[in-house]
Each structure stands twice: as structure tokens, then as C-alpha cells.
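Taken together, the values in this text are just the output of simple stated rules run on the coordinates, not laboratory data. Everything numeric in this text was worked out from a predicted model, so none of it was measured. Neighbour counts run over all protein chains shown; Cβ positions are idealised from the backbone, glycine included.
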Amino acid sequence: MAETSLDGGDRAPVVMGGEPGSYARGVLTERHPALISRVRDAHPYTPAQRGRLDLLLEEITSGTVQPLRAEAHDRGAWASWGMDEHAGVPWTGLPFLWAESYFYRRLLGAVGYFAPGPWQGVDPFEPSKSAELHSSDADEEMQALDTVARLPSEERDRALLLSSLWGNRADLGFALSERGGSPGGSGADAGGAAGEGLVADESGRLWELLGDAERVCFVADNAARELLPDLALIDLLLASRRVGSVVLHVKPHPYFVSDATMADVLAALRRLRGAGGEAAACGGRLREAMRDGALTVRAHPFSCAPLAYSAMPEDLAADFAASSLTVVKGDLNYRRLVGDRWWDPATPFAEAVGGFPSPVAALRTVKSDTVTGLDPVVAAELEAGGIGWRTSGRCAVVQVAG
């Protein structure tokens with residue numbers, strides 16, 4: 001079956017939000033209502049803010065999609081991204097990626113994130129991010145950097161890459177889902193039981209590309225405990241002089257519960273510098289790299305768009321094209337990279353990615369239905385156990401195209 005969607009072309013079917021019993025429907029009908037309650041209880045919101053949250057809850061559970069108000073600063077952008085087309089449709093009747101993205105935009109609007117006033121710019125997810133960043137698990141993972149620093153170079157490199165990869169389990173939104181189980185820290189390497197471990201590993205090709213990269217774009221996913229190992233990996237690339245410079249892409253505003261913003265980068269750097277040992281040295285080096293321009297942070301508006309990267313604007317495409325390699329972290333970015341579609345999991349990763357402006361690598365813990373690039377034998381073994389492996393967070397991939 002083929003289907004045409006916003007990112008163009010006749011390709012695999014788009015993941016929709018309404019299939020009974022599906023992961024997507026569970027997110028829209030269970031996780032999102034739970035998240036509204038969690039955000040409502042996390043802050044001393046005013047009656048007006050709580051009222052708007054209650055209206056949003058009613059809309060997503062029993063109503064239809066409502067457009068942004070005419071005065072919304074980003075109404076034009078969302079109109080170009082399909083808002084008017086989707087208005088009046090039940091939330092479960094929409095493409096899953098679009099519905100998820102629009103939900104978070106509406107949630108921010110309900111709590112006054114964009115409106116002038118005392119709540120403008122206040123991250124509704126900050127309490128959860130801060131608790132995770134200052135947890136004992138984060139302490140242990142930063143202390144482990146002392147041991148990692150003493151490893152032979154190949155073992156050190158592998159350890160930091162896997163730490164960044166499996167750090168993607170530390171996803172606060174994922175923790176809300178009973179399907180996902182509890183987030184963990186670093187995970188097992190390949191070789192576990194069916195439905196577990198590193199099920200696609202092209203890290204050899206990744207290190208080849210990193211070996212002579214003048215400039216690397218690193219597209220971050222989550223804050224807190226995932227961002228810490230991401231920063232440690234970036235520090236390795238810069239300190240070892242494998243790459244000349246790194247451009248770190250984060251979100252321009254809070255998104256998907258735990259997605260990293262500039263404020264989260266600064267919080268993570270403070271946490272590293274205050275931890276002592278190798279973590280503090282790492283944080284200090286990264287701070288200096290930002291000061292001298294070797295590490296640049298960017299936050300493009302398209303990072304919060306409900307579309308695949310194939311629809312990215314020209315300026316963002318030019319930024320990626322100027323890099324020797326783009327490293328894309330996490331589940332959401334993976335969905336946007338290949339299109340949130342029901343690919344046959346044996347579909348080559350490069351085929352699903354299409355014409356990305358630079359060579360691109362994905363570091364992803366699998367937590368949603370879109371999967372590509374698996375060996376046909378591995379894909380068949382996983383599929384024989386049912387599709388639960390796609391959403392458990394127990395599988396991961398390192399994949400490269402270009």
C-alpha cells in the first residue's frame with residue numbers, strides 16, 4: 001500500500017493516530033491526557049491557565065482539532081504546516097507526527113508560554129527535567145566518566161557512543177507510557193534476546209566519517225540524562241581533534257516533554273562542571289569550546305515542525321549541507337528523518353532517508369513504530385515476536401546514509 005503525504009511521493013503508509021490498540025492511539029488517548037494532569041499539578045497555575053488546560057483536555061479526548069487564534073505569533077507557520085486542513089478533524093484521525101507536535105504547541109499556549117506576562121518563557125516541563133538532571137542516576141553516570149577516560153581509545157570511543165545511544169531511554173514522555181517501561185541509563189550491546197539490544201550497528205562507518213570531518217551537525221533530542229552523554233560524546237570529538245567544529249541543534253522552545261533547549265544545554269554544562277573529576281573537565285572544555293566557537297548552538301524553528309526533514313526550509317538544508325556529517329539523535333528525530341511511516345523494517349535506511357543534504361547518521365533507541373534499515377533476517381526474527389519490540393525501548397540502531 002502506498003500513500004501520498006505532506007513530504008511528497010508515493011511511499012510507505014503514514015502512521016495515523018486512530019488504529020485501535022496501536023501505539024499511536026495510546027499516546028493520543030492515554031499519554032497526552034496524563035501529561036496535561038501532570039503539568040497542571042507541577043505548577044501553581046492561575047485559574048485561567050488551569051481552565052485552558054481543562055479545555056485542551058476536553059478537546060483532545062472528545063472534540064476535534066481547533067486552530068490557533070488569529071493573533072498567535074506562529075499561526076502563519078502552522079497554517080503552512082497543515083493546521084487549517086486538519087481543523088475540525090478528531091485528533092485520532094490525523095497523522096500521528098502532526099497530532100503529537102500540535103498537541104505540544106497547544107499545551108504551551110494553554111499555560112501562557114508565548115504570551116506576554118509572568119509565565120512567558122517558563123518551561124512547563126522544567127521540574128521533571130531538573131529532577132532527572134540532579135538524580136542519583138545522573139550522579140553515577142557522570143562518575144563513570146572517570147573510568148571511561150582511562151580506557152584504551154577504541155574502548156573509550158565505543159563506550160561514549162553507546163552511552164549517547166542508550167541515553168535516549170532517558171525520555172520523560174516515554175516514561176509516561178506503560179508500553180515503554182521505565183527509562184534506564186546505558187543499555188546492553190548487541191547479542192541479547194530477540195527484541196533486545198543493538199539490532200543495527202553501522203558504527204564502523206560512523207567513525208570513518210568522523211575521522212576526517214571538518215564540521216559536524218549534532219541534532220539533539222532530550223535534555224537532562226540524555227543530554228549529558230551527548231555532550232560527553234561531543235567533547236570527545238572536539239578534544240580528540242577528530243572534528244574541527246560541532247554545531248549543536250536544539251529546540252527553540254520546550255517540545256515533547258524533555259526535548260533539549262538552550263536553557264537545558266546550559267543546565268547540563270553547569271551540572272557537569274559541578275560534578276568533579278572527568279565530568280567537570282568535560283564541562284569546562286565544552287564551555288571553552290562554546291566561547292571560542294568550536295561548539296555552536298542553534299535553534300531553528302523547523303525543529304518544532306510537524307513534518308519530515310525532507311520538507312525542511314532552504315536555510316536549514318544549507319546548514320546541514322555545510323557539514324561533513326549530521327548526527328541525528330533520538331526517536332522523534334528519526335521519525336522526521338525517514339518520515340513517520342509503516343516502512344518494512346528491512347527497507348534500506350538510505351532509501352527511506354532520501355536526499356538529505358549531508359551524510360547522516362542516526363543514533364536511536366527504538367520507541368515508536370517507524371523502523372528501517374534492519375537486516376532482513378533480524379527484521380523477520382523481531383517481527384515474529386509481534387510489533388511490541390518497536391515501542392519497548394529495548395532495541396537500538398546506529399545507522400548511516402551517504
- For the stretch 57-118, state which trypsin sites (Lys or Arg not before Pro) are in a DSSP loop and have at most 12 other beta carbons lying within 10 Å of their beta carbon. 69
- Query: Each label point is 7 Å from the Cα along the Cα-to-Cβ direction; what then is the distance between the points at residue 139 and residue 54, in nm?
  - Reply: 4.1
- For residue 19, placing the label point 7 angstrom along Cα-to-beta-carbon and taking the stretch 317-359, residues whose amide nitrogen sits under 20 Å are 331-349, 352-353
- Query: Tell me, what is the FRET efficiency for residue 46 and residue 70 to the nearest 0.05, using R0 = 25 angstrom and their Cβ-Cβ distance as r?
  - Reply: 0.60
- Note on the structure: Contact order relative to length for the chain, counting C-alpha pairs under 8 Å separated by 6 or more residues, stands in percent at 18
- Whole Å is fine, so just give me how far the alpha carbon centre of the stretch 308-337 lies from that of the stretch 373-402. 22
- Item | Calculated log₁₀ intensity ratio I(q)/I(0) where the Debye formula runs over C-alpha points of the chain, q = 0.09 Å⁻¹ | -0.51
- Message: Assuming 0.36 nm per residue, please report the length gained on full extension of the stretch residue 80 to residue 315 beyond their Cα-Cα distance.
- Response: 82.9 nm
- Message: Multiplying the sequence separation of residue 299 and residue 61 by 0.36 nm and subtracting their Cα-Cα distance, what value in nm do you get?
- Response: 82.5 nm
- According to a simple spin-label model (label point 7 Å from Cα along Cα-to-Cβ), what is the distance in nm between residue 151 and residue 120? 4.7
- Spin-label model distance (nm) - residue 383 vs residue 205, 7 Å beyond Cα toward Cβ: 2.1
- Message: Checking the a/c ratio against 1.5 first, then a/b against b/c, what shape does the Cα gyration tensor give for the stretch 3-122?
- Response: oblate
- Task: Provide the gained length on full extension for the span residue 34 to residue 131, in nm with one decimal, where the gain is 0.36 nm per separating residue minus the Cα-Cα distance.
- Result: 33.1 nm
- How high is the FRET efficiency between residue 322 and residue 158 when r is their beta carbon distance and R₀ equals 30 Å, given to the nearest 0.05? 0.60
